[in-house]
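First comes the structure, then the notes that go with it.
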Amino acid sequence: MISSDEIEAIIWNGEVIEDYPEDNRGHSCLMLGSVERAIHVVCAPKQEYLAVITAYIPDKASWSSDFKRRVV
C-alpha cells in the first residue's frame, strides 16, 4: 500500500526522472521520491489540477540501484 501522504510528499519534494511530453493522456512525468522507501509516481499537470496516474514501488530488477534509470 502507498498512502496519500507518501504520494503528496513525493509530488512536493520528489524528482522528475522521466518526462513524457507526447503521452496519450497529455504531457506527464515520472517522479521518484522516498519517505521510507523508493516510490514512483506518474502524474500529469493540467491547468486546474494535477492528475495522479499511478504510484508504485519500483522493482529492483527493472531499475538501477538509485531507481532513476531503467535496466534492460
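Considering only the range 63-72, state which residues are part of a strand (DSSP E or B) and basic (Lys, Arg).
Answer for the range 63-72, where residues must be part of a strand (DSSP E or B) and basic (Lys, Arg): just 70.
Are there strands (runs of 3 or more DSSP E) fully within the range 19-62 with at least 1 residues that are in contact with a Phe, Trp or Tyr (Cβ under 6 Å, 6 or more places away or on another chain) and surrounded by 15 or more Cβ atoms within 10 Å (Cβ to Cβ)? List them.
28-34, 38-45
Could you list, in sequence order, the residues of the range 14-32 that are in contact with a Gly (Cβ under 6 Å, 6 or more places away or on another chain) and farther than 16 Å from residue 69 by Cβ?
none
Testing residue 67 on (1) at pLDDT below 95; (2) out of contact with any Asp or Glu (no Cβ under 6 Å at 6 or more places or on another chain), one condition comes back false. Which one is that?
(1)
Can you spot a residue in the range 2-14 that is part of a strand (DSSP E or B), surrounded by 11 or more Cβ atoms within 10 Å (Cβ to Cβ) and of a type in the set (S, T, N, Q)?
No: the range 2-14 contains no residue that is part of a strand (DSSP E or B), surrounded by 11 or more Cβ atoms within 10 Å (Cβ to Cβ) and of a type in the set (S, T, N, Q).
I need every pair where a residue in the range 49-68 that is within 13 Å of residue 29 (Cα to Cα) has its Cβ under 6 Å from the Cβ of a residue that is at pLDDT 95 or above and not in a strand (DSSP E or B), sequence separation at least 6 or different chains.
55/2; 55/7
The values are calculated or read from the model by the stated rules, or taken from the named source; none is laboratory data. As the structure is a computational prediction, the values presented were derived from the model and not from experiment. Virtual Cβ from ideal backbone geometry, glycine too; neighbours counted across all protein chains shown.
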